[in-house]
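Structure in structure tokens, see below.
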Amino acid sequence: MDALILSRIQFAINSCFHFLYPPISIGLGLMLVIMEGLYLKTKDHRYKEITNFWIKIFALTFALGVATGLVQTFAFGTNWARFSRFVGDVFGSALATEGIFAFFLEAGFLGILLFGWDRVGPKLHYFATICVAAGAHFSAIWILVANSWMQTPASFHIEETPIGPRAVIDSFWGMVFNPSTIDRLCHVTLACWLTGSFFVISVAAYYLLKRRHQDLALPMMKIGLAVAFPVLILQFASGDSNAKMIGKYQPAKLAAFEGIYKTEESTPISVIGWVDAEKKEVHSLKIPGGLSFLMYGNPDKPVAGLDQVPRDEWPNVPVVFQTYHWMVVMWGLMFLVAIFGVWYWRKGTLEKKPWLLWSMIFSVLFPQIGNQLGWISAEMGRQPWVVWKVLRTSEGVSTVITAGQVSGSITMFLAIYILLLALFLFLLNHKIQHGPEEIAAKPDELIYRNVYPNQGG
């Protein structure tokens, strides 16, 4: 393999490993705001114990997210120098804004969040929790702005320089609110919230199954389900809006999602199947006119196929088709877990359903797998463009690196990432096995808890 393919593989490995952690941080940030808010509102000391427990897991995840994110930045300069030069004006403004509004906000209040329970007042501590959660969300916003501009570039012109062309911003806000930013930001943020809520559901289910910390696991489960169920509904609507946006601005990507090689009336949607790339056929269970109806509200209107796209601009259809459809499957599995969870919760028999609790324990994997598959389908779906219809991926790779250098770095990264993942899982398991710590309650909290023992549970 040449340096281009190896550089793409290296960046994919870096991206996939890094993206294990930010969705957890962003999702848990929201959960911490809810948990601590319930503690301030109800004075139920269980919520303080739950919040303190999840703050420790948040800190562990946050640290690894920052560390692995730095690798991405260096990769732009080492492997993708021509791309970095081309988008420097765009990325420079977006990522600088991230540093100001996200990292400063998180760094300024993270210490209070972690160590301020007994050093500051409860309202100030809650304010710090909100700021750290907001910082995590702001970080995602500006990263997604930069990535969305690569998908649907807007408000720029190309300037020729002695060392090659570069994109120059005409309007900062035009760049920020490019055609895909809002849809993609909503979709990814909701995915992060699902990651956090199902993490909480999984741990709560484990404690209920093992009959440990049940007085904390019950309200923990209630919070997780209360967030997961409505977010799943919103994610369904967001996915529909996102697909319509892709069909308008990136029709080749949508055609690859559904394996539409030929433009035809009553375009079907595939439920499950596989792609025969050589014969340009899709063998699947199809709903006739399904894609036409979802895209246009008209089951007869044709959806543009790959036959309207030059052959050298086709993405890898089999990979994009499978990753997209398995992402949808992950949503379906989460929805089933949430439906059954809410149903048996309302009946008061959730803890008596071991099959459901086991499903909930493993459900922590569903949003993570969905996140990875979603990014793979989104990024591979825009190939061969690194900036859609402006700069090809082959034009963005560095010219001075060799295949041997890149393959060596891939081996090194894999070894480091395996060790980091093993360390993360070891520490995470240790914290979960240890469980929430009993925190001394103040007299008024003890009185409230004794008078209202079932509040929040």
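Out of (1) in contact with a helix residue (DSSP H, G or I) (Cβ under 7 Å, 6 or more places away or on another chain); (2) surrounded by fewer than 20 Cβ atoms within 10 Å (Cβ to Cβ); (3) part of a helix (DSSP H, G or I); (4) among the hydrophobic types (A, V, I, L, M, F, W, C), what's the single condition that is false for residue 24?
Just one mismatch for residue 24, condition (2).
Please enumerate the residues belonging to the stretch 55-66 that are touching a residue at least 24 places away in the same chain (Cβ under 8 Å) and among the hydrophobic types (A, V, I, L, M, F, W, C).
55, 57, 58, 59, 60, 62, 64
Let me ask something else. Tally time: how many residues in the stretch 234-281 are within 19 Å of residue 297 (Cβ to Cβ) and in contact with a strand residue (DSSP E or B) (Cβ under 7 Å, 6 or more places away or on another chain)?
Total satisfying the criteria: 3.
Same structure again: Would you confirm, using the coordinates I've provided, whether residue 228 is in a helix (DSSP H, G or I), out of contact with any Ser or Thr (no Cβ under 8 Å at 6 or more places or on another chain) and either within 30 Å of residue 346 (Cα to Cα) or of a type outside the set (S, T, N, Q) (or both)?
no
With the condition being touching a Lys or Arg at 6+ places or on another chain (Cβ under 9 Å) and either among the hydroxyl-bearing types (Ser, Thr, Tyr) or in contact (Cβ under 8 Å) with a residue 40 or more places away in the chain (or both), I'd like the helices (runs of 4 or more DSSP H) fully within the stretch 289-393 carrying at least 3 qualifying residues.
Details: elements: 290-296, 317-347, 354-362, 365-381.
Filter on the stretch 289-393 gives 290-296, 317-347, 365-381.
Further, regarding this structure: Please state which one of 378, 415, 338 is surrounded by 17 or more Cβ atoms within 10 Å (Cβ to Cβ) and out of contact with any helix residue (DSSP H, G or I) (no Cβ under 6 Å at 6 or more places or on another chain).
None of the others qualify; the one that does is 378.
Filter the stretch 90-111 down to the residues that are among the β-branched types (Val, Ile, Thr) and more than 20 Å from residue 154 (Cα to Cα) and list them by number.
Passing the criteria: only 100.
Here's another thing I want to ask about it. Evaluate the following for residue 194: is it among the aliphatic types (A, V, I, L, M), touching a Pro at 6+ places or on another chain (Cβ under 7 Å), in a helix (DSSP H, G or I) and farther than 21 Å from residue 355 by Cα? Don't jump to the end; show me each part of the working.
On the way: among the aliphatic types (A, V, I, L, M): yes; touching a Pro at 6+ places or on another chain (Cβ under 7 Å): yes; in a helix (DSSP H, G or I): yes; farther than 21 Å from residue 355 by Cα: yes.
The answer is yes for residue 194.
Follow-up question, since we're still on this one. Which of the numbered conditions does residue 209 fail, given that it passes all the others? Conditions: (1) without any contact (Cβ under 8 Å) to a residue 60 or more places away in the chain; (2) surrounded by fewer than 22 Cβ atoms within 10 Å (Cβ to Cβ).
So residue 209 meets the others, but not (1).
Any residue at all in the stretch 73-89 that's within 20 Å of the chain's Cα centre (by Cα) and in a helix (DSSP H, G or I)?
Yes, the stretch 73-89 contains a residue that is within 20 Å of the chain's Cα centre (by Cα) and in a helix (DSSP H, G or I).
In the stretch 293-330, which residues are polar (S, T, N, Q) and within 28 Å of the chain's Cα centre (by Cα)? Walk me through how you get there before you give the answer.
At the first step, the residues of the stretch 293-330 found to be polar (S, T, N, Q) are 298, 308, 316, 322-323.
Within the stretch 293-330, 316, 322, 323 meet the criteria.
Bear in mind that the values in this text are calculations on the coordinates, not laboratory data. In this text, all values refer to a predicted model and were calculated from it rather than measured experimentally. Ideal geometry is used to build each Cβ from the backbone, glycine not excepted, and the neighbour counts take in all protein chains shown.
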